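Enquirer: Can you read through this structure? Questions will come right after.
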Amino acid sequence: MNYQVIYDGNCNLCVTFVQLLESFDKGQMFRYIPMQDQATLAPWGITSQECELGVILLDADQPERRWQGTAAIEEIGRVLPLGNLFVEAYRGLPGVKWVGDRIYEQVRDNRYALFGKRQSTYNSPYCGECGRQG
C-alpha cells in the first residue's frame, strides 16, 4: 500500500508529526504533501477548505479511499508495525474516541496559537506527487 499524508506544512505540531513518521517509515509506505501545495492536490479534488478540517490520508492506489482528522491518524497507526494494537485499544475503550475527537478538533482549530507557525512551509524529502522524493 502507498499513502499520501496531506498535512499543514506551516504548523509546528503537524510538521513534527510528519518528521516522526518519516523517521519510522523512510518513505516506504507514506509520502507527504503540505496542504499549501494546492497544485499537487488539485487532481485529487482536495481543496484548501477541506485541508483546514484536519490531516488527510489518501490511499494512493485507490484515491477514493480517504480518511481525515482522527480517522486519518487512526489509519496511519493501524498500518504501522504494532500500531494496530494501540488503535484497537483506543477505539475499544468506552468514550475515549469521542474525547479524542474533541481534543483533536480543539488542537486543529488552535494549532498555531498552541504550537506556533513556521516561517516557511515544510516540504518532506518524501514528497508525494510533487516530484521532490528523497
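The values are calculated or read from the model by the stated rules, or taken from the named source; none is laboratory data. In this text, all values refer to a predicted model and were calculated from it rather than measured experimentally. No Cβ is skipped: glycine too gets one built from the backbone with ideal geometry, and neighbour counts run over all protein chains shown. SASA here: full protein model, heavy atoms, side chains in, ligands and nucleic acids out. Shrake-Rupley method; radii C 1.70, N 1.55, O 1.52, S 1.80 Å.
Enquirer: If you check ALA60 against the conditions, is it over 23 Å from ASN10 (Cα atoms) and loosely packed, with under 13 Cβ neighbours inside 10 Å? Full working, then the answer.
Expert: Numbers: over 23 Å from ASN10 (Cα atoms): yes; loosely packed, with under 13 Cβ neighbours inside 10 Å: no.
Here the answer is no, as ALA60 does not meet what is asked.
Enquirer: Please give the number of the condition PHE115 fails out of (1) modelled with pLDDT of 85 or more; (2) open to solvent by less than 60 Å² (accessible area, probe 1.4 Å); (3) of a type outside the set (Asp, Glu); (4) touching a strand residue (DSSP E or B) at 6+ places or on another chain (Cβ under 8 Å).
Expert: (2)
Enquirer: Please specify each residue of the stretch 26-51 satisfying the condition of being assigned to a loop (DSSP other than H, G, I, E, B), among the polar types (S, T, N, Q) and free of Cβ contacts under 8 Å to residues at least 24 places away in the same chain.
Expert: GLN28, THR47
Enquirer: Kindly check whether there is at least one residue in the stretch 8-26 that is charged (D, E, K, R), open to solvent by less than 30 Å² (accessible area, probe 1.4 Å), modelled with pLDDT of 90 or more and closer than 19 Å to TYR112 by Cα.
Expert: Within the stretch 8-26, one or more residues are charged (D, E, K, R), open to solvent by less than 30 Å² (accessible area, probe 1.4 Å), modelled with pLDDT of 90 or more and closer than 19 Å to TYR112 by Cα.
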